[in-house]
Amino acid sequence: MSFFQSEVVRAELTEIQELQEEVYGNIFEFPTMDMEDKKYHVDLLERLLNKQQILYTRLSLSDDPQAKMMKNDIMKSASDLGLPDNVDMNVLFNNMSKAIGFMKQHIDKQS
């Protein structure tokens, strides 16, 4: 079975897409959101990051050529965004997770 034929993988990809649409759909409204909406938005962002990290790990462990191609596409996109070539994506995920933690702390202090 191909990597992308797995029901688990397809469900995860669908959930990632839905989370991305919700997060990016109201990202510009974030500064004007009330505290509860900000908390909800940051929680969505955290769920999205966790799902992306799990998917990336699955891609890394797979021998499927399409999975390898998707992983390479992710690495290329990261490079296009200015990250060093061959950046350790786990370090990136950890740093993003810390940033989300700081966002949560900041929101908690404001409320």
Note to self: For a quick check, take a GNM of the chain with Cα springs below 10 Å and name the residue from L48, L92, L61 with the largest mean-square fluctuation.
What the structure shows: L61
Checklist line | Neighbourhood net charge (14 Å Cβ-Cβ; Lys/Arg +1, Asp/Glu -1) for P31 | finding: -2
Next item on the list: Rounded to the nearest 10 degrees, what's the angle between the helix 65-80 long axis and the longest principal axis of the chain, both from Cα atoms, 0 to 90?
Entry: 40 degrees
Next item on the list: Of the listed values [x] 9.0; [y] 6.7; [z] 7.6, grab the one calculated as mean projected area of the Cα convex hull in nm² from the structure here.
Entry: [z]
Next item on the list: Just need the relative contact order of the chain here, percent rounded to a whole number, with Cα pairs under 8 Å and 6+ apart.
Entry: 32 percent
Check: For the chain, what is the calculated [θ] at 222 nm in deg cm²/dmol (nearest 500), taking -39500 (n - 2.57) for each run of four or more DSSP H residues and dividing by its residue count?
Finding: -26000 deg cm²/dmol
Checklist line | Where the chain is the region considered: accessible area per residue in Å², 1.4 Å probe | finding: 69 Å²
Check: Using alpha carbons only, how many degrees (0 to 90, rounded to 10) separate the axis of helix 7-25 from the longest principal axis of the chain?
Finding: 40 degrees
Checklist line | Helix 35-61 vs. the chain, principal-axis angle (Cα, 0 to 90°, nearest 10) | finding: 10 degrees
Notebook entry, point to check: For the pair L61 and D34, how long in nm is the line joining their label points, each one 7 Å along Cα→Cβ?
Noted result: 4.3 nm
Margin query: On a straight-distance basis, which aspartates and glutamates could pair with K39 in a cross-link, Cα separation under 15 angstrom, same-chain partners fewer than 8 positions away excluded?
Written below: E22, E29, D108
Check: Between M75 and H106, how many nm apart are label points set 7 Å from Cα along the C-beta direction?
Finding: 3.2 nm
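The values are calculated or read from the model by the stated rules, or taken from the named source; none is laboratory data. Bear in mind the structure is a predicted one, so any value in this text is a computation, not a measurement. Cβ atoms come from the backbone with ideal geometry, glycine included; neighbour counts cover every protein chain shown. SASA here: full protein model, heavy atoms, side chains in, ligands and nucleic acids out. Shrake-Rupley method; radii C 1.70, N 1.55, O 1.52, S 1.80 Å.
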